[in-house]
Amino acid sequence: MNKSFDTCITGYGVSCGAEVHLRPDCAIEISGGTLIFPQGQILHLPNDQPKQFRYYIKPEFIEDRIKKFMLEYLKIKKLDDHFMEFLLLAEDKHPNDHTDSLKQQHPEDIPEQNLMGNKIIVVIAFPKEEREIEGHATDQSQDIDTYWLLVSRNALAARFNIGSSTSKDHQGLFSKPLTRKEVDPVTIDEYLRKVLILPQLTVPRFGYKQLAMDLPAKGMRDDNLLNPFRQVTSFSDIFFEYKAIIDDYILQFRDALDILHKNFGAVLSHKGSFYLEKYRKILMLKLKVFYEEGEHLYYIQYIYDWLRDLTIAFNELIVKLDGFTGVCPCFNIESTKEQTGTLLMLGPVMGGRTIYSPSIFRNLAIPADSDRTIRELRCMHWRLLMMIRTFDLPFLHLEKALASFGSELGIEEKLDSTNYWEFVNDMAQNDANDEFNYLPVKFTPTNGSTVKLGKTAIPYYYPLDSNSIYSVHQFWDYETTVLRKTDTHLSYNAYMGDPSKPATDTVNDSYTNRIEVILPLAFNLEPYAAFRPEGFIGKHLTKKDNGVNSFFLRSFPLLEYLIRYNICIDIIAIPLPGGKKSRFLNTLQGLEHRPVMEQGKTLVLFFVDSVNEQIELAECKKDKTPEIADGTVVADFVLPYRFTCCPSNLVIYRPIDIIPVL
């Protein structure tokens, strides 16, 4: 046995096996396995010689050092004669006057306490002594003396300050039900497995925060919901629905991050609580800057998508955290000068049951704490933080949130893809009164929400940089990061650089030079189930009066692009004229905002069809009310079918194949 085994490498507890069950003859059986004690001792239990206990030592005959150790461990002064906080088990070959049977011997032999009900098996290890304790044979093959005990679940819960509830105890060997204060096993499990207290987050669906409510005072009830699009006539209707969702949900997400960092901060990062708190503040500051600036308010849909991404990343992280204690294993070791023994918990006596979730009060030598798993966890967590830090869009400049927090932008963040697109836009403009947005539209191949986030295309609103430690492409997918293939991620923000320029030049700072990443539609689409349609929001849409209600984007040949790459997607544009007259949008069944869409569907572009629609935004610090110019594309939605197959009486516009010369 290796007495100096490093518990910080594997943790301590049950390494394998050592399952506790109740045999048909009412004996407690502990199967073969390997245990690692907090101070590094290892105990092997042979598979062909399981531990079996049918007797316990009467309390008055428990050896002093065992009794003293357990009283100190449970933080009690003496054993309760009625409930018996712990019992020392004796092996089968040592029945005598100092032991008693765990099994009922005759009908009248019903003890006051239910010996097996709600009991946890624990094992204590003491340094080897050259003598045998009465009623218990020490293992001479080991350098430690081990003792096996039944400990009350309530006593352990009290020792860890876990709350209690009232329930009936129908478990155990005896037919007599006993009613006493019992601690809810779920409460215990949540305390011992901190991952259970992390919330499972879900982003509200667009339309069902305010628009769908028939009578707001009645709240979210089935009989109070109507089609949300029956009231949508202006961008204001869309904007304030998104705002209501975002304002409430971002607080929930911030609080969830707080719970995550308080319980698992030591596992997820070495940077400390102050650094992690900084990102919760950046999250809120980015939204605050967006509202206060009052510019490009049509980007609010991207903020909704951003929160949806963060939620997916958060939920994926929770799944990976199962099995982690939240701190380095060696931090859990408690020792004093007087304490010479160590204790492991093996879990409850299960009877004949099989369970599929972790047992309460069962120490595990955590296999999850392998180097690779911890690195994957930290990569996923860093991705989450960088999704918060880097979220931005061309012309929006949300990096102001970092500056207001006192963070200095590195050279990488000043030369990311957002800066590149702004450079491209400046080069394309030749008239101050012309279209301000000359950025391309792209349909980037991707996968839907049924796959892990890291297997999808990186969204438009995460600026990428070839060598930045903050660029999310470095951490988007752990396997890709490990294989150093981060330049293979698909994204709107892939562009062809100029090799003749230095890496610090905006024009040559693309994260990839792979042609299959820069022009993915020219390569195999079979691995991808959908597209990310990006670049529409904020563009100017011009209606063409040619008798068939058509439109074009002055700065991008939309229909030509679809034909060139052989994409089977319908695109229609629906005006938002304002006013109180319904546009009957509720006749478009299945209309939904989706960040990705499959071929054979319809992309629906909403555009302002009134003179400079105003958004009455209280948070805005501008001197005048923010305005959205006539013809601006302000939102995109998806219909789950081709619109050409199911025409509607709505006034809609279709793209034309040639952009007119104006």
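Bear in mind these aren't lab numbers, they're just calculated from the coordinates by the rules spelled out. Every value quoted in this text rests on a predicted model; they were computed, and no experiment measured them. FYI the Cβ positions are ideal-geometry reconstructions off the backbone, even for glycines, and counts take in every protein chain you see.
Structure notes:
- If you plug the beta carbon distance of Glu619 and Glu72 into 1/(1 + (r/R0)^6) with R0 = 60 Å, you get a FRET efficiency near 0.55.
- In a fully extended conformation the segment linking Asp258 and Met496 would gain 81.7 nm over its present Cα-Cα distance, using 0.36 nm per residue.
- A straight chain from Val651 to Asn566 at 0.36 nm per residue would run longer than the Cα-Cα distance by 27.9 nm.
- Protection proxy ranking for 456-469, 518-531, using the average of other Cβ atoms within 10 Å per residue and placing the highest first: 456-469, 518-531.
- Centre separation in Å (Cα based) which lies between segment 205-222 and segment 625-644: 23 Å
- Distance between the pseudo-spin-label points of Arg378 and Arg642 (7 Å out from Cα toward the beta carbon): 5.2 nm.
- Among the listed pairs Lys452/Lys543; Lys278/Lys622; Lys67/Lys103; Lys320/Lys400, a Cα-Cα separation exceeding 30 Å is found for Lys452/Lys543; Lys320/Lys400.
- If the chain linking Thr488 and Leu519 were pulled fully straight, counting 0.36 nm for each residue of separation and taking away their Cα-Cα distance, it would gain 10.0 nm.
- Between the alpha-carbon centres of segment 23-96 and segment 236-270 there is a gap of 47 Å.
- Förster radius 45 Å - calculated FRET efficiency between Ser273 and Ala529 (Cβ-Cβ, nearest 0.05): 0.65
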